[in-house]
Amino acid sequence: MRRSPREAPPGEAAAPPGSTINAVTDAAPARRPLPVWPLAGALVAAVVVAAVALRLGGGVRIVEVPGLPTADPVVAWLLPVAKLVGDLSAALTIGCLVAAAFFVRSADGRIGAQAYRWLRVGALSGALWVAASLVILPANYADLMAWPLSNVTTEGLWSFIVDTENGTAYALTAFLALLAAVIAGRTFTVTGAAVAAILAILAVLPPVFTGHSAASGNHQIAVDSMVLHVVGAALWVGGLAALLLARRDRAEVAARYSRLALACFGAVALSGVINAATRIESLDYLATTDYGREVTLKALALIVLGAVGYWHRAHTLPKVGETNAFRRLAAAELVVMGATFGLAVALGRTPPPPTAPRDETAARSLLGFDLPGPVSAKAILVDWYPEIIVCTVALTAITLYLLGVRRLRKRGDAWSAVRTALWIAGWCLAIFVTSSGMGRYGMVLFSIHMVQHMTINMLVPILLVLSAPITLALRALKPVRDGRGPREWLTLVLHSKPVKFVSHPLIALGIYVASLYMMYFTGLFYWAMKSHAGHLMMLAHFLAAGSLFFWLLIGPDPAPRNIPYPARVLMMFVAVAFHAIFGLTVMQSTDLLAADWYNALGRTWGDTPMADQRAGGGIAWAFGEAPSLVVLVALLAQWSKSEDKEARRLDRAAKRAQETGRPEEDPHEVYNAYLAELAEKDRAAGLRD
């Protein structure tokens, strides 16, 4: 959809003939330029700090080694500069797109004038982000090969993109950022802005899985914490930039951003501490190494930003529409954020401190931790290895659920304590199977992995769907009159075409069953074991597929389709049958699944990988019986309750028809008349014969 040059932005009156109103401004006499000086200040601070830190920290130092090619100094500077431009433009893109989708009100799902401006800025910064990513690709390749850029060929660059994780990651970032920029430049709806924002957030993730964090010891913890760090920083910094670009409704925008900023500050601070702890083994390194000093400076900058944020909430936010104090302080805050981004880029090029000598075995290189000893109850219960993202999602979900229950009870509404307990139990179970000792052994033993799979795919979803989170959200969230709040977004998603499609019983059953076979009988399982990104996607898919399936079967929450109870029972038995077939197939297989992975670990204790796989197949075959029994009991109970409810409804209708003297509205009489009509037709047919 295109606008004519005279068409006003959404939410504004159309331009009269002869006026100079266009798609991105108010009336020409009142035109005000975008306040870009805070953005320029942040850029200058980022570049200056990055240059100083790179020079002092050795990030661009060229070391000549006899017999090896010498790195090109131009590439040594070009790569961090391109990454800095990419990081800053990514934050601005994400901030503007999130603001356009969620920070201002909308009429009938269409964006207003302020959101339109944010989308245009987001599209432009997204294009810059794409350009920076396309510069990073050849610069990364040249840096890896210690070549000048002139030596990079198209064929070699393509091989770098296809055959290396680093090249693939930045190519994927460029592709997703391009999609986000194109959608931002073309859409005029809030839904389109939200889609663009989601794509932009996803676009910052691929390089996280291939950087310093992915190469460090305990790389699962390092990568997970870096994911939270990068996303939190982008939302925090980009959101503030979008707020400074706002021309109207600044008080409302600031209030919504303030809640987001507080959450982002907590995520960035906690994840930063966790990530630094995976690389800095001694506190002395914070003062005695270049890497430690840069980490210390980042921590100090974060403390300053936290203090500024507190001052905002206490003093400037209540008067955001009355004075310029908020704008001046926020601009200074953005400059500090830019400097912090410069430090982060330099940190990514600075060698981490030395670690204690240890045997670098194949297992440690693959797992990120030493190969554990034989399985024991003590090892499972005591030797935890946190899956940071799962823990974060679980604790956030529990907190939001409890806040919803609290809101209901404050206004006098009841909520089942059993449902609350089920929700907490479900997420605690997810934490246990992914972050306890099972998290370690699940990467080493197929049998333990299968226990994890069945728990995440069956037990956890059953507990979660029975807790009715959608019903709680719809009752606890307040509706927004003119625009979309959380309740409106939830309703929109529930009634969207994709949700209606996947909630078809055959589609949901197919996803639940087919994903089992596709994961283990293709190369996906090996990829999910050797790649942490793949492992996270596998866990997310199993949880989502199980939640979708059991939501349709036994979920008390409203669903797009009302499936008859006999069909639900049939779906359950079909799923159980396919699970049993899968388990038997694995037990009888003579081919080792993910053989390269399990053989490379070099495990010398316990069963052989083949015997352990057979045990895993037996677990898959037998594990489903107890959850299936729970589901069947719940189904029969719901079916009986539904029949009783329908009977009471019919009795009320019959009583109402009797009281009003209108027997034609009595459902029993209507049904009897229908049976009599059928009998009369059969009698007439018999007479003709």
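What to note about this one:
- Which of E155, E294 has the fewest Cβ neighbours within 10 Å, and the rest in rising order: E155, E294
- Ranked R186, R279, criterion: other C-beta atoms within 10 Å, fewest first: R186, R279
- Computed over segment 387-488, the P(r) curve from all C-alpha pair distances, binned at 5 Å from the origin, holds 2, 13, 19, 19, 16, 12, 9, 6, 3, 2, 0 percent per bin.
- A Förster radius of 51 Å, combined with the Cβ-Cβ distance separating V48 from A577, puts the computed FRET efficiency at roughly 0.20.
- Net dipole in debye of segment 364-623 [+1 Lys, Arg Cβ; -1 Asp, Glu Cβ; about Cα centre; nearest 20]: 1260
- Counting neighbouring beta carbons within 10 Å and listing from fewest to most, the residues V190, V152, V418 come out as V418, V152, V190.
- Spin-label pair F501/L403, simplified geometry with 7 Å Cα→Cβ offset, distance in nm: 3.2
- Distance in nm between pseudo-label sites at T296 and M610 (7 Å out along the Cβ direction from Cα): 5.8
- In order through segment 395-400: 3J(HN,Hα) via Karplus (6.51 cos²θ - 1.76 cosθ + 1.60), integer Hz, x for Gly, Pro: 5, 5, 5, 5, 4, 4
- Cα centroid separation - segment 409-478 against segment 327-403, whole Å: 23
- In order through segment 611-623: 3J(HN,Hα) via Karplus (6.51 cos²θ - 1.76 cosθ + 1.60), integer Hz, x for Gly, Pro: 5, 5, 5, 5, 5, x, x, x, 5, 4, 6, 8, 5
- Distant-in-sequence amide contacts of T189, defined by a placed amide H-H separation under 5 Å and a gap of 5 or more residues or a different chain, comprise I111.
- Gain upon complete extension [D108, A425; 0.36 nm per residue less C-alpha separation]: 110.2 nm
- The trypsin sites (Lys or Arg not before Pro) of segment 338-446 meeting both criteria, a DSSP state outside H, G, I, E and B (loop) and at most 11 other C-beta atoms within 10 angstrom of the site's C-beta, are R358, R411.
- Non-local Lys pairs in segment 364-623, i.e. 8 or more apart or on different chains, that have alpha carbons under 28 Å apart: 4
- Once the C-beta distance of V382 and M518 is scaled by a Förster radius of 41 Å, the resulting FRET efficiency is 0.70 to the nearest 0.05.
- Each label point was placed 7 Å from the Cα along the Cα-to-Cβ direction; for D284 and E252 their separation is 5.8 nm.
- Along its three principal directions, the equivalent ellipsoid of segment 364-623 from the Cα gyration tensor extends over semi-axes of 35, 22, 16 Å, largest first.
- Sparsely packed loop sites in segment 481-512 (the trypsin sites (Lys or Arg not before Pro) outside DSSP H, G, I, E and B with at most 11 other Cβ atoms within 10 Å) comprise R481.
- HN-Hα J in Hz across segment 192-202 - Karplus 6.51, -1.76, 1.60, θ = phi - 60°, x for Gly and Pro: x, 5, 5, 4, 4, 5, 5, 4, 5, 5, 5
None of the figures in this text is laboratory data; all of them are computed from the coordinates on show. Bear in mind the structure is a predicted one, so any value in this text is a computation, not a measurement. Note that each Cβ is placed from the backbone with ideal geometry, even for glycine, and that neighbours are counted across all protein chains shown.
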